[in-house]
């Protein structure tokens, strides 16, 4: 994997189990993550259900619960580490859809 545009080359793990995974399988994979920051990419409907369940409360964004394709959510983990990550405890710091990102360019 090439640099992500942030001046760094992250460790990358591809998990076939995340393809069409449920929100519970996604959480299970996240609990095994290491490092301070995780970029998790998965498919709908699982990733949208994961985001809705992972958040302590949804942000005031009209598309968050619909979670369109390629939407991006940024969470602040409230647990001390990924192994302790739980549904319903994490703050949504930001949420954007591809259409919004295109409008910003």
Margin query: Just to be sure I understand the filter: pairs with C-beta atoms under 6 Å, separated by 6 or more residues or on different chains, first member in segment 74-87 and at negative phi, second member in a strand (DSSP E or B) and exposed (fewer than 12 other Cβ atoms within 10 Å of the Cβ). Which pairs pass?
Written below: 74/93; 74/94; 76/93
Margin query: When you check residue 3 against the structure, is it modelled with pLDDT under 95 and over 11 Å from the mean Cα position of the chain (by Cα), yes or no?
Written below: yes
Item checked: Residue count for segment 65-81, restricted to those that are in contact with a helix residue (DSSP H, G or I) (Cβ under 6 Å, 6 or more places away or on another chain) and farther than 17 Å from residue 46 by Cα -> 0
Item checked: Per-region count, segment 41-57, residues assigned to a loop (DSSP other than H, G, I, E, B) and either at pLDDT 95 or above or surrounded by 13 or more Cβ atoms within 10 Å (Cβ to Cβ) (or both) -> 6
Checklist line | Checking residue 9 against (1) modelled with pLDDT under 95; (2) surrounded by 12 or more Cβ atoms within 10 Å (Cβ to Cβ), the condition it does not meet | finding: (2)
Item checked: segment 83-97, residues that are in a loop (DSSP other than H, G, I, E, B) and either buried (at least 19 other Cβ atoms within 10 Å of the Cβ) or in contact with a helix residue (DSSP H, G or I) (Cβ under 7 Å, 6 or more places away or on another chain) (or both) -> 85, 87, 88, 97
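The values are calculated or read from the model by the stated rules, or taken from the named source; none is laboratory data. In this text the structure is predicted, and so the values were computed from the model without any measurement. Cβ: placed from backbone, ideal geometry, glycine included. Neighbour counts: every protein chain shown.
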